[in-house]
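**Q** Handing you this structure, nothing more for now.
The values are calculated or read from the model by the stated rules, or taken from the named source; none is laboratory data. Worth saying up front: this structure is predicted, and the values here are computed from it rather than measured. Using ideal geometry, Cβ is built from the backbone for each residue, glycine included, and neighbour counts are taken over all protein chains shown. For accessibility, only protein heavy atoms count, side chains too; no ligands or nucleic acids. Shrake-Rupley method; radii C 1.70, N 1.55, O 1.52, S 1.80 Å.
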Amino acid sequence: MVFFSNQFDAKDKTVVVTGGSQGLGAELAKQLIIRGAAKVIIVARTESKLQETVNYIEPFKISDSQVIDYATGDLANYDTCAKIVESLDTIDIVFFCAGSSVPKLFLDLTPRELSNGVNINYNTALNFSHAALSKMKLQSPDHTRHFIFCSSVLAIYPFIGYAQYAPLKAALRSLADIIRHETLPYNIKVHTVYPGNFASEGFAEEEKTKPEITKQIEGPSNAVSVESCTNNVLWFLDRGYETIFTDVIGWILSCSMLGFSPKCLGLVQIILGFILSLIVPFYVIFTNFEIKSYFKKLNSQKQP
Ligand SMILES: NC(=O)c1ccc[n+]([C@@H]2O[C@H](COP(=O)([O-])OP(=O)(O)OC[C@H]3O[C@@H](n4cnc5c(N)ncnc54)[C@H](OP(=O)(O)O)[C@@H]3O)[C@@H](O)[C@H]2O)c1
């Protein structure tokens, strides 16, 4: 597939970007306008941020007929999704970017943070994909349409600090795999992106509560810029990939759980997967040691 470079055509298309008021969603919306999309609608809960982003993207229009607009609403609510979908004549491409994480130790999370994790990271994509597909199945254009789910590399390697987030990103992988089956009759291609860290507004928020042990396991992997992450996503979409990583480490980790999802350089992944299966048990012993030491230190600090 790598030899074909026109597999993702946004020109003259209607695109919806959930979570499009900032970070990856906002940058994707801008790039799609630059690529000639007829209409880009960004969706989020905070109207002021949406307005600001629309104003920011407006000058990037390449023709006066293009539209950059927004819709406000909490996509964890199905009726909100249905209303937004109803307001659109057609949908060709949906990027499911709404999501956010509150990295904390599991027992430090509040019940509200736990349910927000499910709502923001899973229910937004579940509801909007259902509502959008209900409309898209009634239309049968001759071009390929696209659903692009934004998961996380944490769906592949979940670790301490991400209990409120990683399981929902893993659920998105499963949802995307199922929807890929159901969209086969409708000429809709389903992609799943597994980004590593990138320096969005959301990422800056995460850093504020991230436990030391989570940072330690994450290692020195610096967050790439939002622009670089967006370019990587579009590069892989252009070449027809259904499974997309935004950095090499994510791709390497993915070799440890290949499953039934589409592959990305599958043959190499199988070989790497075998090598990883020999290394991972030793890595787990090392990580468990690090976690025990962290809790020991934490407890000793708490004692008077
Ligand atoms: N940044 C990273 O390092 C990283 C790494 C891996 C994966 N990801 C994933 O990549 C995606 C984009 O990340 P990002 O860092 O660019 O995100 P971000 O800066 O946190 O922005 C999240 C967007 O989602 C919107 N949103 C949140 N809850 C919503 C809801 N219930 N209904 C509608 N909109 C909602 C937010 O606006 P409102 O708050 O106004 O609604 C905002 O526009 C997310 O799914 C994230 O989980 C990020």
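**Q** Looking only at the range 75-107, count how many residues are within 20 Å of the chain's Cα centre (by Cα) and either crowded, with 22+ Cβ neighbours inside 10 Å or not in a loop (DSSP other than H, G, I, E, B) (or both).
**A** Adding up the residues that qualify gives 16.
**Q** List the helices (runs of 4 or more DSSP H) that sit entirely inside the range 220-304 and contain at least 2 residues that are under 16 Å from Val193 (Cα atoms).
**A** 226-238, 248-254
**Q** Another question about this same structure. Kindly list, by first and then second residue, each pair from a residue in the range 65-82 that is in contact (Cβ under 8 Å) with a residue 12 or more places away in the chain and farther than 15 Å from Thr53 by Cβ to a residue that is of a type in the set (Gly, Ala, Ser) and more than 9 Å from the ligand (Cβ to nearest atom), limited to pairs with Cβ atoms under 6 Å and residues at least 6 apart or on different chains.
**A** Partner pairs satisfying both residue conditions: Cys81/Ala131; Ala82/Ala131.
**Q** Something else: Among the residues that make up the range 12-35, is at least one of them of a type outside the set (Val, Ile, Thr), over 24 Å from Arg239 (Cβ atoms) and not in a loop (DSSP other than H, G, I, E, B)?
**A** Looking for residues that are of a type outside the set (Val, Ile, Thr), over 24 Å from Arg239 (Cβ atoms) and not in a loop (DSSP other than H, G, I, E, B), one finds none in the range 12-35, hence no.
**Q** Confirm whether Gly196 is assigned to a loop (DSSP other than H, G, I, E, B) and within 25 Å of Ser21 (Cβ to Cβ).
**A** The answer is yes for Gly196.
**Q** Same structure again: From the list Asn55, Asn6, exactly one residue is over 13 Å from Phe95 (Cβ atoms), surrounded by fewer than 22 Cβ atoms within 10 Å (Cβ to Cβ) and modelled with pLDDT of 95 or more. Which is it?
**A** After ruling out the rest, the residue left standing is Asn55.
**Q** Of the residues Thr144, Thr183, only one is open to solvent by 50 Å² or more (accessible area, probe 1.4 Å), among the β-branched types (Val, Ile, Thr) and more than 13 Å from the ligand (Cβ to nearest atom); which?
**A** Testing whether each residue is open to solvent by 50 Å² or more (accessible area, probe 1.4 Å), among the β-branched types (Val, Ile, Thr) and more than 13 Å from the ligand (Cβ to nearest atom) leaves just Thr144.
**Q** Among the candidates Leu168, Leu154, which residue alone is part of a helix (DSSP H, G or I), open to solvent by less than 20 Å² (accessible area, probe 1.4 Å) and within 11 Å of the ligand (Cβ to nearest atom)?
**A** Leu154
**Q** Here's something else I'd like to know. Can you work out which of the residues in the range 287-304 that are open to solvent by 100 Å² or more (accessible area, probe 1.4 Å) and of a type outside the set (Phe, Trp, Tyr) is farthest from Phe159 (Cα to Cα)?
**A** Among residues in the range 287-304 that are open to solvent by 100 Å² or more (accessible area, probe 1.4 Å) and of a type outside the set (Phe, Trp, Tyr), the one farthest from Phe159 (Cα to Cα) is Pro304.
**Q** Name the pairs whose Cβ atoms lie under 6 Å apart, with the first residue in the range 292-304 and touching a residue at least 40 places away in the same chain (Cβ under 8 Å), the second in a helix (DSSP H, G or I), and 6 or more positions between them or separate chains?
**A** Every condition considered, the pairs that remain are Tyr294/Ile213.
**Q** Identify, by number, the condition in (1) surrounded by 15 or more Cβ atoms within 10 Å (Cβ to Cβ); (2) within 24 Å of Phe147 (Cα to Cα) that Lys210 doesn't meet.
**A** That leaves (2) as the condition not met.
**Q** From the set of residues in the range 237-250 that are open to solvent by 40 Å² or more (accessible area, probe 1.4 Å) and touching a strand residue (DSSP E or B) at 6+ places or on another chain (Cβ under 8 Å), which is nearest to His191 (Cα to Cα)?
**A** The selected residue is Glu242.
**Q** Out of the residues in the range 186-202 that are within 13 Å of the ligand (Cβ to nearest atom) and among the β-branched types (Val, Ile, Thr), which is farthest from Met136 (Cα to Cα)?
**A** Looking at residues that are within 13 Å of the ligand (Cβ to nearest atom) and among the β-branched types (Val, Ile, Thr), I get Val193.
**Q** What's the total number of residues in the range 58-72 that are surrounded by fewer than 16 Cβ atoms within 10 Å (Cβ to Cβ) and within 14 Å of Ile41 (Cα to Cα)?
**A** The total comes to 3.
**Q** Identify, by number, the condition in (1) under 15 Å from Ile244 (Cα atoms); (2) surrounded by fewer than 18 Cβ atoms within 10 Å (Cβ to Cβ) that Pro195 doesn't meet.
**A** (2)
**Q** While we're here: Residues that are basic (Lys, Arg), surrounded by 13 or more Cβ atoms within 10 Å (Cβ to Cβ) and more than 14 Å from the ligand (Cβ to nearest atom): does the range 263-270 have at least one?
**A** Yes, the range 263-270 has at least one match.
**Q** Asn222 - would you say it is crowded, with 17+ Cβ neighbours inside 10 Å and closer than 30 Å to Thr53 by Cβ?
**A** So Asn222 does not fit the description; no.
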